[in-house]
Amino acid sequence: MASVVDTSVKNFNSTMSGAPALSGTAGTLIALLDAVLVNGFDVKTASGLTVVGGVASMPFTGSHSAQLDSVIIISGITGTYASLNGEQKVTAVGAGVVRFATNLPDGAASGTISFKMAPAGWEKVASASGKATYRSLDPMSTKAILRVDDTAAQTVRVIGYESMTDIDTGIGPFPTSTQMSGGGYWAKSTAANSTPNPWAVHADSRIFYFTVLPGFQAGPTVTNGVTRCFGDFAALRPGGDAYACGLSYSSTNVASSQTDGGVGSPGNIAQFAFPRSHTGLGSSALYYKFAYPGITAPSGITPSAGSFPSEVDGTLIVEKQYVSLGSTAAPRANFPGVYHSCQSLVWDSFKFLDVAPGADSLAGRTLHAMTSTNTTFSGAAVSSSTGVLWIDRTGPWR
């Protein structure tokens with residue numbers, strides 16, 4: 001049976017005990033995307049499964065990547081409790097045990113039970129040495145394809161395509177070669193070495209957000225980060241938008257400077273490529289990123305609503321983000337699950353992977369802190385240049 005809570009949003013990060021490492025080494029981002037989007041990771045054998053008072057507990061030996069609000073996928077249960085096979089959202093993790101909610105009666109399951117981190121529901125369409133292409137398996141998706149070239153040490157090249165015939169040949173590129181020759185850039189590390197950098201991925205079956213702190217290997221205070229995305233945005237066109245798939249990217253090949261065009265970066269650069277306009281006509285269109293109502297500032301650095309906490313009621317103030325063709329143009333689509341910090345000094349209270357409870361329309365959700373910046377990844381993070389972007393890790397986003 002399906003989980004008793006929504007499991008559409010998957011979240012992964014580098015603090016998970018069995019997570020892939022990301023470094024300034026060729027191939028490490030493809031290995032990470034394979035794990036979180038396509039295959040899952042960290043398979044464990046459970047020594048049993050019991051249900052008591054609506055809570056299922058699976059003991060195991062050793063450690064596992066599961067964290068609160070992450071999603072695991074279970075297999076091997078037989079008999080009465082076989083319906084628990086499949087995705088389950090983690091409600092608690094203890095020493096050698098993972099727990100989740102269920103509406104099944106008390107009792108013990110049988111079978112040879114195993115579990116792993118559940119992938120986001122994408123497929124790897126094609127691959128070659130240092131290259132891979134990814135596409136959503138969701139039947140409601142645009143079916144656009146992301147091509148990743150991970151043959152370099154510190155950065156990867158990324159291009160979206162409407163369709164592809166092989167790893168190097170596609171139709172409908174976004175951005176086009178005229179807009180960004182060879183595709184955009186995503187940073188992995190400011191140094192070409194094997195020292196891991198912190199990362200996080202938040203995804204549903206149609207879009208994923210990839211956050212990295214590329215300079216962290218240089219020292220623990222270098223926690224400036226950037227968030228990238230690929231996939232289907234929440235389209236605003238009432239009749240549908242078959243080309244509402246966006247790719248964010250940097251235009252520079254210098255890893256330490258690739259803060260431009262990020263999901264939480266300053267929004268005055270048109271570096272969110274879509275395959276066509278909302279009309280379905282033409283070719284690749286480049287969009288700007290804004291937070292409502294037209295905010296271009298980086299998330300959590302410039303105060304459009306004062307500093308955090310609010311001097312009036314002590315709250316954290318956030319807004320949805322969207323893309324449009326300019327500051328006076330109509331929004332085309334919203335960022336699913338992403339929220340802009342409208343206050344300054346947010347980084348003084350929240351660091352990478354910290355959480356905050358949602359309120360008002362976000363009540364019952366947990367927001368995950370991703371660091372943003374309006375400078376480079378070279379120096380220590382300070383509140384004047386480091387902010388926080390929030391991603392809803394609870395879901396659903398749509």
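The values are calculated or read from the model by the stated rules, or taken from the named source; none is laboratory data. Values in this document were obtained by computation on a predicted structure and should not be read as measured data. Here the Cβ positions follow ideal geometry from the backbone for every residue, glycine too, while neighbour counts run over all protein chains shown.
Quick rundown of the values:
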quantity: Failed condition for Phe272, given (1) among the hydrophobic types (A, V, I, L, M, F, W, C); (2) buried (at least 19 other Cβ atoms within 10 Å of the Cβ); (3) in contact (Cβ under 8 Å) with a residue 60 or more places away in the chain; calculated: (3)
quantity: Residue ID - farthest from Asp69 (Cα to Cα), chosen from residues in segment 365-382 that are small (Gly, Ala, Ser) and crowded, with 18+ Cβ neighbours inside 10 Å; calculated: Ala381
quantity: Residue list for segment 207-236, filter: part of a loop (DSSP other than H, G, I, E, B) and surrounded by fewer than 24 Cβ atoms within 10 Å (Cβ to Cβ); calculated: Gly219, Pro220, Thr221, Val222, Thr223, Leu236
quantity: Test for Gly267: is it in contact with a Lys or Arg (Cβ under 9 Å, 6 or more places away or on another chain) and modelled with pLDDT under 95; calculated: yes
quantity: 3 or more residues touching a Cys at 6+ places or on another chain (Cβ under 9 Å): qualifying strands (runs of 3 or more DSSP E) within segment 75-169; calculated: none
quantity: Index of the failed condition, Asn85 passing every other in (1) among the polar types (S, T, N, Q); (2) buried (at least 16 other Cβ atoms within 10 Å of the Cβ); (3) in the same structural domain as His202 (by TED's automatic domain parsing); calculated: (3)
quantity: Any hit, segment 296-317, residues being among the aliphatic types (A, V, I, L, M), in contact (Cβ under 8 Å) with a residue 60 or more places away in the chain and under 24 Å from Phe208 (Cβ atoms); calculated: no
quantity: Residue in segment 325-355 that is farthest from Ala244 (Cα to Cα), counting only those that are small (Gly, Ala, Ser) and surrounded by 20 or more Cβ atoms within 10 Å (Cβ to Cβ); calculated: Ser344
quantity: Output for segment 112-170, where each listed residue is loosely packed, with under 15 Cβ neighbours inside 10 Å and not small (Gly, Ala, Ser); calculated: Thr112, Glu123, Pro139, Met140, Thr151, Thr165, Asp166, Asp168, Thr169
quantity: Filter pass, Gly53 being modelled with pLDDT under 95 and either surrounded by 20 or more Cβ atoms within 10 Å (Cβ to Cβ) or of a type outside the set (Ser, Thr, Tyr) (or both); calculated: no
quantity: Scan of segment 146-192 for residues that are touching a helix residue (DSSP H, G or I) at 6+ places or on another chain (Cβ under 9 Å) and among the aromatic types (Phe, Trp, Tyr), ordered by number; calculated: Tyr185, Trp186
quantity: Gly261 vs. criteria touching a residue at least 60 places away in the same chain (Cβ under 8 Å), under 23 Å from Asp149 (Cα atoms), under 18 Å from the mean Cα position of the chain (by Cα) and assigned to a strand (DSSP E or B); calculated: no
quantity: Residues located in segment 174-185, provided they are surrounded by fewer than 21 Cβ atoms within 10 Å (Cβ to Cβ) and touching a strand residue (DSSP E or B) at 6+ places or on another chain (Cβ under 8 Å); calculated: Gln179, Gly182
quantity: Residue that is under 22 Å from the mean Cα position of the chain (by Cα) and in the same structural domain as Pro275 (by TED's automatic domain parsing), where the choices are Ser194, Ser189; calculated: Ser189
quantity: Hits in segment 337-382 (condition: touching a Lys or Arg at 6+ places or on another chain (Cβ under 7 Å) and assigned to a loop (DSSP other than H, G, I, E, B)); calculated: Gly358
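Yes/no per residue for (1) assigned to a loop (DSSP other than H, G, I, E, B); (2) buried (at least 16 other Cβ atoms within 10 Å of the Cβ):
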{"position": "Ser304", "(1), (2)": "yes, yes"}
{"position": "Glu319", "(1), (2)": "no, yes"}
{"position": "Ser384", "(1), (2)": "yes, no"}
{"position": "Gly395", "(1), (2)": "yes, yes"}
{"position": "Arg398", "(1), (2)": "yes, no"}
